[in-house]
Amino acid sequence: MEKLDALLTRYIEKFMAYVPEIVTSLIILGIGMYLIRFLQKLTNKIFLKREIDPTFASFILDVLIWGLRVLLFVIIASKLGIQTSSFVAIIGAMSLAIGLSLQGSLSNFAGGVLIILFKPFKIGDVIEAQAESGKVVAIHIFSTQILTYQNTVIYIPNGILSNGKIKNITQNNLRRAEVAVQTTLLKNTNDFIDRLQQELDNYDKVLSQPKPRILIKELLDTKITYNVQVWVENDNYNTACSYVLLKAREISDTM
């Protein structure tokens, strides 16, 4: 019993001697996290003031914050008595295993760097990639955040995103809309085309140059399909397509 009491007393003494290091480490942790948040806000303000590309700024900010967090972790580990040299040796020994297990993450990081360097898209662009489409909200270290038209958020890994096909819908300000219009076989096809052409020429959301075109795409015994081509600004794309379909139906019904 005396041996147990002595052992317990010794452990309590060691713990009490170690309490100041724990308290100091917690203080360092609190101050460090506060400074990291402060530097994050400060850096973000500097980027905004200097009008740095938001895509580049967001990515660099992510790298900076994670680097500072790793540095804070090393400082706290050293304060708790873990030898820095031993800590580095452990990290080095684990690097191979971590590298093998995180090949996908490293590929995603490299993909993020490629996206920043070559800029196939930027924050705010609307893209189609990996069978998904939506607005680019953020480009993180390992993934790109996309907001779909259904208001759902999708995270696509940067690795497969940078290596796959990307359609940037809003990179150019203007876009050609091609609308397939199908009607019954009309007695006067030319009259239908002329009336629809006039509606398109007078519609303010359709550009006058390049001039709208109405072509016959398919001609069958009972129906005819037109390919209506109009140039519009990106923001007016869906509205213009809807207008074409509506007017084609109205004209068809009156003939």
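The values are calculated or read from the model by the stated rules, or taken from the named source; none is laboratory data. If you're wondering where the values come from, they're calculated on a predicted model, not measured in any experiment. Here the Cβ positions follow ideal geometry from the backbone for every residue, glycine too, while neighbour counts run over all protein chains shown. All accessible areas refer to the heavy atoms of the entire protein, side chains included, with ligands and DNA or RNA removed. Shrake-Rupley method; radii C 1.70, N 1.55, O 1.52, S 1.80 Å.
Odds and ends about this structure:
- The residues in segment 140-177 that are touching a helix residue (DSSP H, G or I) at 6+ places or on another chain (Cβ under 9 Å), open to solvent by less than 30 Å² (accessible area, probe 1.4 Å) and in a strand (DSSP E or B) can be counted, and the count is 3.
- Residue 224 vs. criteria more than 30 Å from residue 121 (Cβ to Cβ), at pLDDT below 95, open to solvent by 70 Å² or more (accessible area, probe 1.4 Å) and in a strand (DSSP E or B): no
- Out of 35, 68, sole residue that is open to solvent by 80 Å² or more (accessible area, probe 1.4 Å) and modelled with pLDDT of 70 or more: 35
- Every residue from segment 191-221 that is touching a residue at least 12 places away in the same chain (Cβ under 8 Å) and part of a helix (DSSP H, G or I): 191, 192, 193, 195, 196, 197, 199, 200
- Scanning segment 230-242 for residues that are buried (at least 20 other Cβ atoms within 10 Å of the Cβ) and under 14 Å from residue 199 (Cα atoms) yields a total of 2.
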